Amino acid sequence: MPKKRFPLPNVYALLEPGPVLLLTTAHGSQANVMTMSWHSMLEFEPPLVGCVVSDRSHSHTLLLASKECVLNIPTEEIAEKVVGCGNTTGAKVDKFSKFGLSRSAAESVSAPLLDDCFASLECRIADTGMARKYSFFVLEVIHAWVDPNIGEPRTLHHRGYGSFMIAGETITLPSKMR
Ligand SMILES: Cc1cc2nc3c(=O)[nH]c(=O)nc-3n(C[C@H](O)[C@H](O)[C@H](O)COP(=O)(O)O)c2cc1C
């Protein structure tokens, strides 16, 4: 069957790799958490991650001020909290208490690790060259923490408009990509 034209504003829903993340930031007495799915690996070592943090978000302000953050990777168990953190702003509400998200101190950055996420990546901003134009930040992961008890995390993958795919079956093929 021939392919049909697909609306350009919906292209992101085809390409979004996921997993959906919870970005934590902190500066001074303020801390915040926001949902983020527009991100991409850029380098193996040191691990570099590119991501879009909108300049309309409170997280953008805290990220630019502190130059550091944590990328927390949630699973389906807290899916409703993940969406809640994307539908509210930390400029108006303390999302940690609103959504009952407990946190622990990170080793090297001021932003907290989220206890209910199976992995947390402590990051420092490596490059803001495209921050003004695209709200795009390059982050270097400086420490990575993973729950050793979770074998196959059922991560969330955004398909747009409240629809999420949940990671499932794994297959192994002779790929040359590391
Ligand atoms: C599933 C999902 C994915 C999102 N991905 C992003 C993203 O990649 N970048 C972004 O700037 N906002 C994204 N958002 C929107 C922010 O989470 C939202 O604007 C949030 O209210 C910002 O919170 P803050 O003002 O407390 O920082 C996403 C929201 C949802 C629900």
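Here, each number is a calculation from the coordinates, and none is a lab measurement. Computed from a prediction, not measured in an experiment: that's the story for all the values here. Neighbour counts are summed over all protein chains in view; Cβ atoms, including those assigned to glycine, are modelled from backbone coordinates with ideal geometry.
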Response to the item:
When the chain is treated as a Gaussian network with springs between alpha carbons less than 10 Å apart, the largest mean-square fluctuation among Arg56, Arg103, Arg159 is found at Arg56
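Do you know the relative contact order of the range 61-151, to the nearest whole percent, from alpha carbon pairs under 8 angstrom that are 6+ apart?
Values: 129 pairs, mean separation 26.2, N = 91.
Reported relative contact order: 29 percent.
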Worksheet, complete the sentence: If each K or R counts +1 and each D or E counts -1, the residues other than His27 whose Cβ falls under 12 Å of its Cβ total 0
Worksheet entry | Where a label projected 7 Å from the Cα of Asn10 along Cα→Cβ would reach, residues of the range 141-178 with amide N under 15 Å | 159-164
Worksheet, complete the sentence: GNM on the chain, Cα springs under 10 Å; top mean-square fluctuation among Val20, Val93, Val70 goes to Val93
Practice prompt. Enumerate by residue number the GluC sites (Glu not before Pro) in the range 87-144 meeting two conditions: DSSP loop (anything except H, G, I, E, B), and at most 15 other Cβ atoms within 10 Å of the site's Cβ.
Written response: Glu107
Response to the item:
The ³J(HN,Hα) series, computed from each phi in the range 34-47 with the Karplus coefficients 6.51, -1.76 and 1.60 at θ = phi - 60°, rounded to the nearest Hz and given as x for glycine or proline, is 9, 7, 8, 10, 8, 8, 8, 5, 10, 7, 6, 9, x, x
Response to the item:
Quick calc: nm separation of the 7 Å Cα→Cβ label points for Ser104 and Ala65 -> 2.7 nm
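Is the range 70-178 best put as rounded, prolate or oblate by its Cα gyration tensor, with a ≥ b ≥ c the root eigenvalues, rounded for a/c under 1.5, and otherwise prolate when a/b is larger than b/c, oblate when not? Don't skip to the answer; put the middle values down first.
Values: a/c = 1.35, a/b = 1.14, b/c = 1.18.
Rounded shape, in that the Cα axes give a/c under 1.5.
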Worksheet item: Of the residues Gly18, Gly129, Gly162, which exhibits the maximal mean-square fluctuation in a Gaussian network model of the chain defined by a 10 Å Cα contact cut-off?
Response: Gly162
Worksheet, complete the sentence: Residues whose built amide H sits under 5 Å from the amide H of Ala126, excluding neighbours closer than 5 in sequence, are Val138, Leu139, Glu140
Worksheet, complete the sentence: If each part is reduced to its alpha-carbon centroid, the range 9-24 and the range 50-68 end up apart, in Å, by 17 Å
Worksheet, complete the sentence: Relative to the compact-globule estimate 2.2 N^0.38 Å (N residues), the Cα gyration radius of the range 1-155 stands at a ratio of 1.05
